[in-house]
């Protein structure tokens, strides 16, 4: 690892990889991931990726996204995502991604809250297929260095300008790294929950640092609960039962085996209905009947789900499975503009880390992979403004005098808390507390606004 790069990318999921692939090949890039390469939430995405199937589908796609998001979406962001979708899919196919086909034609499926079939998929492991293909391409780039088991503990910033990151390496050492630009693509906040479909190491590090350094946030309390995860008493990541299962015909049943809800409701509404039914039945779960899927073989369409359930003692071709809502996705995050630029100079963000306004108050199924790719590409294009060697040198002039300083000297320049970084458990706990405090503060603020509006209407 060098001390200086053109771009540092924090995260190796689809957003991080797509950023690297769209940066000039003469730029020196460092990519870091907190765990192993295969342990990003991008690998866990089951259902698929949305695409504008035909120009005639635009209005429907746009309305479905806004309706699911309770019309709190940024319309310009939604428009950009939809209009970019076909180009993104074509790029993925060029990178080797294999989507389901019949007779050489792409197959489109449907998920909850979609008014038509517009979702491409690869079995029930679409995220893994896309991420692995992109990682393969990134590993072939001679200008990209990848470091696993490396954690960003802080950013190097003066005023409102980011000069780089402070890393905790796999050798248990603190290493400052300078960069013309920093890209946050480090996932969501599932790790701060007891029950989540996310990897536990995804603890909202970028969010915590944003709070510490006064970087703008947006909708930090907009947290999506997925309605159907496999019920378990084990203390581990919850296994997702994809939206596609219900899109193909699976139904939800109460304790008496009666269907009680429209399974294709938006996720937040379906979650509320399931929780209400659990309370009514006095149960810890409801039942999902995949045997209701009659138009296809679930073992072929959902091989990963079938196998995992089998390992847990459930044969979905012969019996119902218990499902329960769990934290799944973060619609809010670090505020970014149309170019994925945060409120801090030289700092960008894409994927679940940030809020570009696409999802509003509730994410439409299978928009996450598409949104991550579209806005990661936008970030790379924006950073490419500093393409020539001379331009990059001028861009890095702001920190040229700091590159050779010791860590102790850098601590004075960048307000680093060295003692806290070495207390890893305490540091992590304080980081989580900082995020929860901000979530509760935003919830209270919105509650006050709602009560005020209700009072004005009376």
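Order these by the 10 Å Cβ neighbour count, fewest first: 328, 397, 308.
397, 308, 328
Given Cα pairs under 8 Å that are at least 6 residues apart, what percent is the relative contact order of the chain?
With pairs under 8 Å counted, the relative contact order is 23 percent.
With the radius of gyration and the Kirkwood radius both derived from the Cα set of segment 1-154, what is their ratio Rg to Rh?
Reported Rg/Rh (Cα atoms, Kirkwood Rh): 1.01.
Expressed in nm to one decimal, what extension gain is obtained for the pair residue 457 and residue 294 from 0.36 nm per residue of sequence separation less their Cα-Cα distance?
In short, 53.7 nm is gained.
Round to the nearest 10 and give me the degree value, 0 to 90, for the angle of helix 267-281's Cα axis relative to the longest principal axis of the chain.
50
Semi-axes of the chain's equivalent ellipsoid from the Cα gyration tensor, sqrt of 5 times each eigenvalue, largest first, rounded to whole Å?
Each semi-axis is the square root of five times an eigenvalue, giving 37, 25, 21 Å.
So, by mean Cβ neighbours within 10 angstrom, what's the order for 285-294, 171-180, 345-354 with the highest one leading?
Result, highest mean first: 345-354, 285-294, 171-180.
How many angstrom lie between the Cα centre of segment 117-162 and the Cα centre of segment 389-458?
Each part reduced to its Cα centre gives a spacing of 22 Å.
Using the scaling law 2.2 N^0.38 Å as the reference, what is the normalised Cα Rg of segment 377-449?
1.73
Once you put a point 7 Å from the Cα of residue 448 and another 7 Å from the Cα of residue 422, both along the Cβ direction, what distance in nm separates them?
4.1
For the pair residue 415 and residue 70, what calculated FRET efficiency results from E = 1/(1 + (r/R0)^6), where r is the Cβ-Cβ distance and R0 = 60 Å, to the nearest 0.05?
Given R0 = 60 Å and the Cβ-Cβ separation, E is 0.95.
If you take the Cα Rg of segment 228-325 and divide it by 2.2 N^0.38 Å, with N the number of residues, what do you get?
1.00
Just to confirm the number: angle between the C-alpha axis of helix 58-68 and the first principal axis of the chain, 0 to 90 degrees, nearest 10?
Rounded to the nearest ten degrees, it is 90.
What number, rounded to the nearest 500 deg cm²/dmol, is the helix-based mean residue ellipticity at 222 nm of the chain, given -39500 (n - 2.57) per DSSP H run of at least four residues and division by all its residues?
Mean residue ellipticity at 222 nm (helix-derived): -11000 deg cm²/dmol.
Stokes-Einstein diffusion coefficient for segment 286-331 at 25 °C in a medium of 0.890 mPa s, Rh from the Kirkwood formula over Cα pairs: what value in µm²/s?
211
If you rank 64, 41, 26 by fewest surrounding Cβ atoms within 10 Å, what's the result?
Ranking 64, 41, 26 by Cβ neighbours within 10 Å, fewest first, gives 26, 64, 41.
Kirkwood hydrodynamic radius for segment 253-306: how many Å is it when counted over pairs of different Cα atoms?
Value: 12.5 Å, from the Cα pair sum.
Could you grab the relative contact order for segment 228-325? Cα pairs under 8 Å, six or more apart, rounded to a whole percent.
33
Over segment 93-221, how many percent of alpha carbon pairs lie in each 5 Å bin up to the one with the longest distance?
P(r) for segment 93-221, in whole percents per bin: 2, 8, 12, 15, 16, 16, 13, 9, 6, 3, 1, 0.
Could you please rank 233, 19, 131, placing first whichever residue has the fewest other Cβ atoms within 10 Å of its Cβ?
In order of increasing Cβ crowding within 10 Å: 233, 131, 19.
Relative to the longest principal axis of the C-alpha atoms of the chain, give the angle of the C-alpha long axis of helix 75-94, reported between 0 and 90° and rounded to the nearest 10°.
In the chain, helix 75-94 runs at an angle near 90 degrees to the longest axis.
With a cut-off of 17 Å, note down the residues of segment 85-125 whose backbone N falls inside the zone around a label point 7 Å from the Cα of residue 307 toward its beta carbon.
So the set is 122-125.
Bear in mind that the values in this text are calculations on the coordinates, not laboratory data. The structure presented is a predicted model; accordingly, all values stated were derived computationally and were not measured. Using ideal geometry, Cβ is built from the backbone for each residue, glycine included, and neighbour counts are taken over all protein chains shown.
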